[in-house]
Amino acid sequence: MRPWEANIRRVVPYVPGDQPKGSRLIKLNTNENPYPPAPGVAKALREMDPEAFRKYPDPSSSCLVEALAARYGVDKERIFVGVGSDDVIGMAFLTFFNSEKPVLFPDISYSFYPVWADLFGIPHKTPALDGEFKIRPEDYYQENGGVVFPNPNAPTGIFMPLNQVEDILRHNRDVVVIVDEAYIDFGGTSALPLTEKYENLLVVQTFSKSRAMAGMRIGFAVGHPDLIRALSDVKYSYNSYTMNLPSQILGAEAVKDQVYFQEITSRIIATRERAKERLGALGFTFPDSMTNFLFVTHERASARELFAALKREQIYVRYFDQPRLDNSLRITIGTDGEMEALYAFLENYL
Ligand code: PMP
């Protein structure tokens, strides 16, 4: 080993989903939106003057923060924006989880959480989901240094009703509780209004799914101004400037078009409900998803083999090579046409 290698910080890295290229492929593996961003985004992009790129962007991303404040009816001081919700959640781990006590998150959940915890040296404990893949609120009543969970959860898609979220909040008044609402716009009810009632609640959302802008990397958090100020202090100290200028401008445009947002989210929800019927008829079982994906199992098909067979047909879904997940596939809801191609393949395969 070369001497400097001893000084390298070693982590088990987060493994992002494949981003295969090709015009023929059907990409149902990373929960992207199958529809384009709001029309105002394309217009603003065409009107963008590269001369503006010469200067640093507004470090506080005020145009985006103001658009979000107007959309969600909250004060600007209660909003923090970041480079995707990954950036926001990572900063929140660094800012709020500084206890000797373990941070709690579900054992089956967003696989970035243990990576951040390990990277930042944060002790953590992962209560198991129940037999139906549900989070048990009472597992989060034990002493801890913080709580984080997605709602709906990923990759199960299960939404926890807000009264249970409140049960967790009531038992955790001394720590910061992060609710990661990456998939909230597909039928769940946001905990965002609860940030007025619980000063220790941080709700995080993303533009990557319901707003069809994963490539622009935009996420945000809503919470008490003291939480937001603490996050900003860490953020600026850690990676100085925040969002690039196009993301700020185009993100603000996306937020303004609520009609288009409603249209594409309703369309995805309708396609998902049809997918439940079609996949159910093919013998798949799945938790009742409130997201833009289904987490499916088939008692007669190996998930690993089906994943490989679909890939040969240029249909990409997500396979997780880990205990309790390795007999299931996570299938993103695409357009109706893409889903029909999937059903056609499955009808032949099974
Ligand atoms: N949270 C959850 C539960 C997710 O599935 C994802 C998407 N991979 C994210 C956060 C991060 O999304 P983004 O960084 O694109 O906003």
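Values quoted throughout were computed directly from the atomic coordinates according to the rules given, and no laboratory measurement underlies them. It should be emphasised that the depicted structure is a prediction, and the values quoted were computed from it without experimental measurement. Using ideal geometry, Cβ is built from the backbone for each residue, glycine included, and neighbour counts are taken over all protein chains shown.
A compact table of results
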| quantity | calculated |
| --- | --- |
| Separation of alpha-carbon centers, region 35-85 and region 186-253, rounded to whole Å | 11 Å |
| Set of lysines with alpha-carbon distance to Lys197 below 19 Å, sequence-local pairs under 8 removed | Lys76 |
| Whole-number Å³ per residue for the convex hull built on Cα positions in region 268-350 | 84 Å³ |
| Kirkwood estimate for region 112-206, i.e. one over the average of 1/r between Cα atoms, Å | 13.8 Å |
| Phi-based couplings in Hz for region 283-298 (Karplus 6.51, -1.76, 1.60; Gly and Pro marked x) | x, 7, 10, 6, x, 6, 7, 10, 10, 9, 8, 10, 10, 10, 9, 10 |
| Long-range amide H partners of Asn33 with built H, under 5 Å | Ala212, Ala214 |
| Positive-pole candidate from Phe97, Ala309, Pro36, dipole of the chain, charges at beta carbon | Ala309 |
| The chain: most fluctuating residue of Arg71, Arg272, Arg54 per GNM, C-alpha cutoff 10 Å | Arg54 |
| Signed unit charges on C-beta, dipole axis of region 272-350, positive-most listed residue Met290, Pro323, Met339 | Pro323 |
| Electrostatic dipole magnitude of region 229-314 [Cβ: Lys, Arg +1; Asp, Glu -1; Cα centre; debye, to 20] | 180 debye |
| For region 1-121, average projected area of the Cα convex hull in nm² | 13.8 nm² |
| Stokes-Einstein diffusion coefficient of the chain, Kirkwood radius over Cα pairs, 4 °C, 1.567 mPa s, in µm²/s | 61 µm²/s |
| Ranked Ser210, Ser85, Ser111, criterion: other C-beta atoms within 10 Å, fewest first | Ser111, Ser210, Ser85 |
| Where only alpha carbons of region 54-195 are counted, the Rg and the Dmax (Å) | 15.8, 55 |
| Given charges at beta-carbon only (K, R positive; D, E negative), |dipole| of the chain in Debye | 760 debye |
| Rh by Kirkwood over Cα pairs, then Stokes-Einstein D for region 134-282 at 0.692 mPa s and 37 °C, µm²/s | 192 µm²/s |
| Exposure proxy order (Cβ contacts within 10 Å, fewest to most) of Leu119, Leu350 | Leu350, Leu119 |
| Cα coordinate range in region 212-313, projected on the principal axes (Å, largest first) | 53, 33, 30 |
| Estimated inter-spin distance, Arg136 and Asp107, nm [label 7 Å along Cα→Cβ] | 1.1 nm |
| Top of Ala182, Ala154, Ala281 by mean-square fluctuation, Gaussian network on the chain, Cα under 10 Å | Ala281 |
| His171 versus Glu5: modelled label distance in nm, points set 7 Å from Cα along the beta carbon direction | 4.6 nm |
